[in-house]
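Taken together, the values in this text are just the output of simple stated rules run on the coordinates, not laboratory data. None of these values were measured; they are calculated from a predicted model. Please note: Cβ atoms are built from the backbone with ideal geometry, for glycine as well, and neighbour counts cover all protein chains shown.
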Number of protein chains: 2
Amino acid sequence: MRLIVLGSGAGGGIPQWNANNPRSREAFANDPLTPRRTQASIAVSSDGDHWLLLNASPDLRQQIIATPALHPKGPALRHSPIAAVMLTGADVDQVAGLLTLRERQPFTLYASTRVQKALAANPIFNVLSPDKVQRKILPLGQEVQAIPGLKVWAFPAPGKVALYMEDETKAALGTEEGDTVATLIEDVITGRSVVFAPSCATVAEDILTLASSAHCLLFDGTFFTEEEMLATGEGTKTAARMGHVPMSGEKGSMNAFMNITDTRKLYIHINNTNPASRRGTPEELQIRRAGWELAEDGMEIVL
Amino acid sequence: MRLIVLGSGAGGGIPQWNANNPRSREAFANDPLTPRRTQASIAVSSDGDHWLLLNASPDLRQQIIATPALHPKGPALRHSPIAAVMLTGADVDQVAGLLTLRERQPFTLYASTRVQKALAANPIFNVLSPDKVQRKILPLGQEVQAIPGLKVWAFPAPGKVALYMEDETKAALGTEEGDTVATLIEDVITGRSVVFAPSCATVAEDILTLASSAHCLLFDGTFFTEEEMLATGEGTKTAARMGHVPMSGEKGSMNAFMNITDTRKLYIHINNTNPASRRGTPEELQIRRAGWELAEDGMEIVL
């Protein structure tokens, strides 16, 4: 199985278009210690000819151009190695790239009932012609043969409904099961597997079990601390309110996954407020000492 | 007045993600004779501190990062020199970049009644909080002070409704006035002006009059010939069906603007099927001999 990190940043990326915070300033200035990060997405393949995208980030056109494995192959005038796209939520940083995938190219679009409903409520996604793009419900807890050589199980992840669908009059902002999912992707020939969970609000038993049986884990690396947005003065919401478990702290992900040592562990969906996104910071050293890596744009992982 | 070409390509850009045509192949391969083009948008400023974007292309995040004039300035944690965005239509290549402009940044969003209606029909654009982003109707034929130092007149341009809103049961696919507009932008201090018309299906008297009085014209350069998509085998629609007048031919734009010689004339919104998008082709030489330039990404024009 080959896995390419198309983007490793959280919503907005690093730099974020309107952010003057240290990480964005450094990234605007091309400081090599703060690598630029487009918004999170990965591409996975068993045979190298058919690729499954996990999430369609707003940066998708730039990401495809930067990734030769995803360029069209001849001789047909229209072609793409992208055979399917699977969404783990309906937030802008997970779905906006679907608009890049217009131009009458056939592929299969997998998403939970809730996420398909969010797409259907926005007629702009009709640029994906129904005679070319098949929208399929991603069933939770059932195996799906997503593309040749890869099977996927999606399972509900603790999280919240997309920002533009939040309803403050409802409990949990109107969040329902399936608004956020995590996935286990397995190569049917080699049996190698990866867990992809770019948004996850708490680490429960099910994801620990899956992660310990997988060969690689790509997990929510949005925030280093629970109150990061408040501490930096950049927001009024905690990590939990935004649907993310922080890296650090007693209930943080470093602690939660501490005993999983045989799985390659990487953080993805890294926010521009997260101090670990800069090389050589105490926070980056701390996560490396805890056995984690930080995903970077363009990184290729062979499993 | 300063004008920066953020993107010079038509929908899909050059290269287009799934295209194997000559221009896309060359651009994927970084051939210097076929410069890469992100999707069309320009930024205009009188004072250098406040910028008006014309259209919000899907490539907007990449375009802002590539353009130092649009980077946030300190000391506030959040800032952008982009004070307003004006849309000339509701097609994906004109509006998708609005999703990049989330993150609670104030700006004014100008669009015709028809285009505002298209945005309102897509709740995903609610990521632009109404308490930060003021959506204003762009009146047709009336002067608007869009940002400090710049006034704009928008006028209806011959064209068609956005692709995802086409209704084949209606006359003209359901197109109404205001679905496509062109704009004249004038510096209130210097009186210098530019006409921006990236989509225009026919050249009528009104745009000829405006273009002759302006100092610069950025005009629809989508296609070289009327039947380009059919001739290359890449589509079944004529230029007219897609809402664009071709460069060449008796009714083409080179001919129509022939007698306007005191205005700097540039083509923008250049499609990857257009042979003139490659330097040194007979078609490129022909348009240069006719007094036109091709806009390129990053080009700065001081008027």
Averaging over all projection directions, find the projected area of the Cα convex hull of the protein assembly as shown and quote it in nm² with one decimal place.
25.8
Long-range amide H partners of B:ARG78 with built H, under 5 Å:
A:ASN20
Through the Karplus equation 6.51 cos²θ - 1.76 cosθ + 1.60, θ set to phi - 60°, convert the phi angles of region A:236-249 into ³J(HN,Hα) values in whole Hz; use x for Gly and Pro.
10, 10, 6, 4, 4, 4, 9, x, 10, 8, x, 5, 9, x
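With n ≥ 4 as the cut-off for DSSP H runs, can you work out [θ] at 222 nm for chain B, using -39500 (n - 2.57) per run divided by the number of residues, rounded to the nearest 500? List each step's numbers first, then the result.
Numbers: 8 runs with 50 residues, N = 303.
Only helices count here, giving -4000 deg cm²/dmol.
Efficiency by 1/(1 + (r/R0)^6): what FRET value for B:ILE137 and A:GLU205, r their Cβ-Cβ distance, R0 = 45 Å, to the nearest 0.05?
On the way: r = 54 Å, r/R0 = 1.19.
E(calc), rounded to 0.05, equals 0.25.
Mean separation of Cα pairs under 8 Å and 6+ residues apart, divided by the residue count of chain A: what relative contact order is that in percent?
On the way: 716 pairs, mean separation 59.1, N = 303.
The normalised contact order for chain A reaches 20 percent.
How much of the DSSP beta bridge set in region B:154-303 is antiparallel, as a percent to the nearest 5? Walk me through the numbers before you get to the answer.
Working: 7 of 19 bridges.
Taking every DSSP beta bridge within region B:154-303, about 35 percent pair in antiparallel fashion.
Within 10 Å of each Cβ in peptide A:141-148, how many partner chain Cβ atoms are there on average? Round it to a whole number, please.
Values: counts 0, 0, 0, 0, 0, 0, 0, 0.
Neighbouring Cβ atoms belonging to other protein chains average 0 per residue here.
Distances longer than 20 Å among the Cα atoms of region B:108-229: what percent of all pairs is that?
Values: 3825 of 7381 pairs.
Percentage above 20 Å: 52.
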Rounded to the nearest 0.05, what FRET efficiency is calculated for A:LYS251 and B:VAL188 with R0 set to 60 Å and r the Cβ-Cβ distance?
0.60
Would you mind pulling out the separation of the Cα centroids of region A:91-161 and region A:174-244, in Å?
19
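Return a whole-number percent for the relative contact order of region A:194-290, with Cα pairs under 8 Å and 6 or more residues apart as the contact set.
Values: 168 pairs, mean separation 30.3, N = 97.
Worked out over region A:194-290, it gives 31 percent.
Please work out the FRET efficiency for the pair B:LYS170 and A:LYS237, using the Cβ-Cβ distance as r and a Förster radius of 41 Å; give the result to the nearest 0.05. Walk me through the numbers on the way to the answer.
Working: r = 44 Å, r/R0 = 1.08.
After rounding to 0.05, the efficiency reads 0.40.
Can you give the Rg to Rh ratio for region B:1-122, taking only C-alpha atoms and Rh from Kirkwood?
Values: Rg = 15.4 Å, Rh = 15.3 Å.
Rounded to two decimals, Rg over Rh is 1.00.
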Per residue of B:63-75, how many C-beta atoms from partner chains lie within 10 Å of its own C-beta, taken as a mean?
3
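Could you work out the Rg to Rh ratio of chain B, with Rh taken as the Kirkwood radius (inverse of the mean 1/r over all Cα pairs)? All intermediate terms of the calculation are to be shown ahead of the outcome.
Numbers: Rg = 18.1 Å, Rh = 19.3 Å.
Dividing the radius of gyration by the Kirkwood radius yields 0.94.
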